[in-house]
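The structure appears right after this line, and notes come after that.
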Amino acid sequence: MPDSAIQTMNLPLPLSRAAKHADEQPISELIKMALDDPALISLAAGLVDFETLPAEILAPITQAILSDPASAKTALQYGTTEGFAGFRQQLYEHLCAQDDAEPSSYPGSADDIVVTTGSQQLLNILAEVLLDADDIVIAGWPSYFVYTSTLTAYGATIRSVDLDEQGMVPQKLDRLLKGLSAAGQLHRVKMLYVVSYHQNPTGITLTTERRQQLLDIVKHYSQLAGHRIVLLEDAAYRELTYQGEAPPSIKSMDEDNQYVALCQTFSKPFCPGLKTGYGLLPNDLVEAVKLSKGGRDFGSSNFNQHLISRAISSGAFAKHVEVLKQAYAEKIQATLDALQEHFADLDGVSWTQPTGGLYVWLTLPEAIDTSRPGPLFGHAIKQGILFVPGVYCYPKDPTRKPPRNTIRLAVGVPNPEQIRKGIARLATAVKQVLG
Ligand SMILES: Cc1ncc(COP(=O)(O)O)c(C=O)c1O
């Protein structure tokens, strides 16, 4: 029997290795700063536009589901781990339509779709089921940092490949893999992570030609590695293409449904509050993902799936995407115009020209340190403008040091007027630092 009078000491909590490796998301602090000071214009948070959240679409759909006893009983009960069959069929057809393909000629089937609690959950599960500690994941430099820090928390080593305005550079990917192969390290490479449309944080879209090249490289080195290297295509911003045609997904090029795990979400093109994402996966990966998801939550919100399913079948979802595209296109244009107005005359400044999504990536002269402790951040706060220091967006690649002169501008929340003001304030802060 334990002695109830035993003296207890302050013992440490035995956190797992993954928990100890998990970095606090620096962006949380920035969001708190913006909330604490409403006068601050925030170009930091990756939230979506408040004004276009689809309340008017969802109110009657909710009412319709709940007022019919049969549909209410179905939607309010647990669903299946992978998501309900009718919804997965709709999602499969949605992917086919986006790629302008007939289901008969498209990779996989509705059985290869898994619905998850946001695409973030699927990304996380894929890390869990594919990676052992010390495995290597290759990601863009920079990348979607919430996920790359998850990968690091799982113990993976991240090696990075530069992007240019056409996306990840295939020759550099090839060179990295060649080097890893020569060093006998190819067996550790499990995954290539690519945000293929309007990447977070740069806004850059991978060109069609490069999509095929990346897939070919992955297939080539998979043969040498003796296992499939999974190309994780994160297409979170795919539907938010405002200019020109969105290129076909890399998934559509994966004819035998072997290599590409495509992840999409309703958070960006509909609303994040429903936290519903999905993936089209190689069939053997579906089984592993379902097992893991079964252990986590045995299925994402069934009710939310029914809401979205009705929004798709009524055509309301497609119409809403058009509304969003219009609203965000104005914001991106306001950002690009304001950057042109306030930064064009500064040497060593450049920015990306996104054709969709929520982000613009700004590169300042090397002498300007945009990081949290650097001089610009403080000047910017005094001017009333908040941004994400680009240094947060680079994965922890043990072989490289991130540049400190970049900024991620997120335009989801502020309106065009606030964006114009915010960029003008940022320019004032930059000029103050330059003296
Ligand atoms: C590139 C990218 N992928 C995935 C996600 C996850 O979004 P959700 O889990 O809401 O689908 C985000 C969220 O910002 C993102 O930027």
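Here the chain exposes an accessible surface that is 53 percent carbon and sulfur, computed with a 1.4 Å probe and the other protein chains kept in place.
Computed over the chain, relative contact order equals 23 percent, with contacts defined as Cα pairs under 8 Å that lie 6+ residues apart. Segment 290-354 gives an Rg/Rh value of 1.30, both radii derived from C-alpha positions and Rh following Kirkwood. Summing charges over all other residues whose Cβ lies under 11 Å from the Cβ of Ala367, with Lys and Arg as +1 and Asp and Glu as -1, gives -2. When GluC sites (Glu not before Pro) are flagged only if DSSP places them in a loop and at most 16 other Cβ atoms lie within 10 Å, the longest unflagged stretch of the chain comes out as 52-164.
In terms of accessible area, using a 1.4 Å probe and ignoring ligands and nucleic acids, Ser105, Ser222, Ser16 rank largest first as Ser105, Ser16, Ser222.
Which residue, Pro142, Pro395, Pro103, has the most motion in a Gaussian network model of the chain that connects Cα atoms within less than 10 Å? Maximum fluctuation in the GNM of the chain, among the listed residues, is at Pro103. Highest mean packing comes first when the peptides 167-176, 67-76 are listed by Cβ atoms within 10 Å, giving 167-176, 67-76. Peptides 178-188, 115-125, 151-161, ordered by how many other C-beta atoms sit within 10 Å of their residues on average, highest first, read 115-125, 151-161, 178-188. Placing pseudo-labels 7 Å out from each Cα toward the beta carbon at Ala182 and Leu13 gives an inter-label distance of 4.6 nm.
The helix-only estimate of mean residue ellipticity at 222 nm for the chain, built from DSSP H runs of length n ≥ 4 each weighted as -39500 (n - 2.57), is -13500 deg cm²/dmol after division by the residue total. When only C-alpha pairs under 8 Å and at least 6 residues apart count, what is the relative contact order of segment 57-314, in percent? Relative contact order, segment 57-314: 28 percent.
Just in segment 306-400: which trypsin sites (Lys or Arg not before Pro) are loop by DSSP and have at most 12 other Cβ atoms within 10 Å? Counting only loop positions with at most 12 other Cβ atoms within 10 Å, none of the trypsin sites (Lys or Arg not before Pro) in segment 306-400 qualifies. Please report, in cubic angstrom per residue, the volume enclosed by the convex hull of the alpha-carbon atoms of segment 57-314. Per-residue hull volume (Cα only) is 119 Å³.
Accessible area per residue for the chain is 44 Å², calculated with a 1.4 Å probe on protein heavy atoms, without ligands, DNA or RNA. Seen from Ser292, the other residues with C-beta closer than 12 Å to its C-beta sum to a net charge of -1, counting Lys and Arg as +1 and Asp and Glu as -1.
Just to confirm the filter: which chymotrypsin sites (Phe, Trp or Tyr not before Pro) across segment 75-146 are DSSP coil and have at most 16 other Cβ within 10 angstrom of their Cβ? For chymotrypsin sites (Phe, Trp or Tyr not before Pro) across segment 75-146 that sit outside H, G, I, E and B with at most 16 neighbouring Cβ atoms in 10 Å, the list reads Tyr78.
A 18 angstrom limit on the alpha carbon distance is what I want to check against. Which of Lys331/Lys421; Lys172/Lys219; Lys251/Lys319; Lys178/Lys251; Lys268/Lys293; Lys325/Lys421 exceed it? Lys251/Lys319; Lys178/Lys251; Lys268/Lys293; Lys325/Lys421, as the Cα separations exceed 18 Å there. When every Cα-Cα distance of the chain is counted in 20 angstrom steps from zero, the calculated P(r) takes the values 25, 55, 19, 1 percent. Neighbours of Gln98 by Cβ distance under 9 Å: Lys/Arg scored +1, Asp/Glu scored -1, total -2.
The values are calculated or read from the model by the stated rules, or taken from the named source; none is laboratory data. The model shown is predicted, which means the values in this text are computed figures rather than measured ones. Glycine gets a Cβ as well: all are built from the backbone with ideal geometry, and neighbour counts include every protein chain shown. Protein only, heavy atoms only, side chains kept; ligands, DNA and RNA dropped before computing areas. Shrake-Rupley method; radii C 1.70, N 1.55, O 1.52, S 1.80 Å.
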